[in-house]
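The values are calculated or read from the model by the stated rules, or taken from the named source; none is laboratory data. These numbers were taken from a predicted model, which means no experiment stands behind them. Here the Cβ positions follow ideal geometry from the backbone for every residue, glycine too, while neighbour counts run over all protein chains shown.
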Amino acid sequence: MSNIIWKIKSFDEFTVPELYNVLKARIDVFVVEQNCPYPDLDNYDQKAIHIWAEVDGEVLANCRIFDKGIKYDEASIGRVLTTEKARGKNLGKQLIQYAVEAIENRFHTTEIRISAQDYLLKFYSEFGFEDTGKKYLEDDIPHTEMLRK
């Protein structure tokens, strides 16, 4: 896939089409594909920095990052996704790499806590995240809290 554009923006920097496309990608993956009706609009987008890859306005990979003290005591990454058509192209790895770098550069910390779907534990461990042993069901999907120091 060529022509991929990476963007990083605060909530107030979004254009309306960008916001629409990011929310559409989240609903397509989390609500429709994972069959999980959950309140995606949780009033945290306004406090996040959003990172995504797009081609011709279509979002291929997306996440949001938070400074310390918003979601957890540590900085955090959430709403991580790669859309169906973009999978298998290492965009997820690039996304997490960019997210970690953005947290280190903007929030001046290396400590990041995430809530990972269990099938992604190995994926996140490649970036230095460690299983904290805290496991729970979120919207009927097994999750584990992971911490990177």
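Residues in the stretch 55-105 that are in contact with a strand residue (DSSP E or B) (Cβ under 8 Å, 6 or more places away or on another chain) and small (G, A, S): A61, A75, S76, G78, A86, G92, A99, A102. For the stretch 66-122, residues that are within 19 Å of F11 (Cβ to Cβ), out of contact with any Lys or Arg (no Cβ under 8 Å at 6 or more places or on another chain) and either surrounded by 13 or more Cβ atoms within 10 Å (Cβ to Cβ) or polar (S, T, N, Q) (or both) total 9.
Among the residues of the stretch 34-47 satisfying the criterion of being modelled with pLDDT of 95 or more and in contact with an Asp or Glu (Cβ under 9 Å, 6 or more places away or on another chain), which is nearest to R106 (Cα to Cα)? Top of the filtered list is K47. What strands (runs of 3 or more DSSP E), lying completely within the stretch 22-141, carry at least 1 residues that are free of Cβ contacts under 8 Å to residues at least 60 places away in the same chain, β-branched (V, I, T) and in contact with a helix residue (DSSP H, G or I) (Cβ under 7 Å, 6 or more places away or on another chain)? Answer list for the stretch 22-141: 49-55, 58-66, 75-82, 112-117. Pairs are defined by a Cβ separation below 7 Å, a sequence spacing of at least 6 or placement on different chains, a first member in the stretch 4-21 that is closer than 17 Å to I103 by Cβ, and a second member that is modelled with pLDDT under 95 and not in a helix (DSSP H, G or I); no pair meets this definition.
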